[in-house]
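Below you'll find the structure, written out as structure tokens, and then a few comments.
Each reported figure results from applying straightforward, stated rules to the coordinates on display, with no laboratory input. All values derive from a computational prediction rather than experimental measurement. FYI the Cβ positions are ideal-geometry reconstructions off the backbone, even for glycines, and counts take in every protein chain you see.
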Amino acid sequence: MVVARPASDRSKKTFRAFRAAAESHPDLHFTAVSHSDTEATDKWLASVDGAGKVQVIVDAERKLYAQWGLGVSSFWHVLNPWSLWSVYKTGKEEGIWNKPTESGNRWQTAGSFAVDKEGLIKWGKRAGTADEAADFDQAVQAVTAWSA
């Protein structure tokens, strides 16, 4: 499971990496959760060339986020100098710029989790700052190591 923040420059990079991991590991199930409404999520998915093999769940009320311990972030989480530099750098180098949030909450904390077929969490990462991205190779290794 990965949670994405539509409109965020980091969410586009994160989702693309997540989708690539899903394509590389067709034996695993990949789910992304959006805190935006269905219309904004569909528009955002089109802007990142679709969901691919990733199941996308819309959680506009952020109930799943709360169940996974992901609440609203702090001012420092989003607007620290390193995150702001990352926004600029990603825009300049990769052409991915933040856009206004159409729905959802820009202050929502992101996180990624790897859950095995028994429903046990084998790996998890709550984003420490808005520009932090998960290492999906680690997540895949954590799930596959336990099932081997």
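Per-residue Karplus couplings for the stretch 108-122, computed as 6.51 cos²θ - 1.76 cosθ + 1.60 with θ equal to phi - 60°, are listed in order as 5, 6, 9, x, 9, 9, 10, 10, 7, 5, 8, x, 8, 6, 9 Hz, Gly and Pro entered as x.
Taking 19 Å as the straight-line reach from the Cα of Lys92, the aspartates and glutamates in range (excluding those fewer than 8 positions away in the same chain) are Asp9, Asp131, Glu132.
Here is the list for the stretch 13-74: GluC sites (Glu not before Pro) lying in DSSP coil, each with at most 12 other C-beta atoms within 10 angstrom of its C-beta, are Glu61.
Could you name the lysines in cross-link range of Lys125, using Cα to Cα under 22 Å and dropping any fewer than eight places away on the same chain? Cα-Cα hits under 22 Å: Lys12, Lys13, Lys53, Lys63, Lys117.
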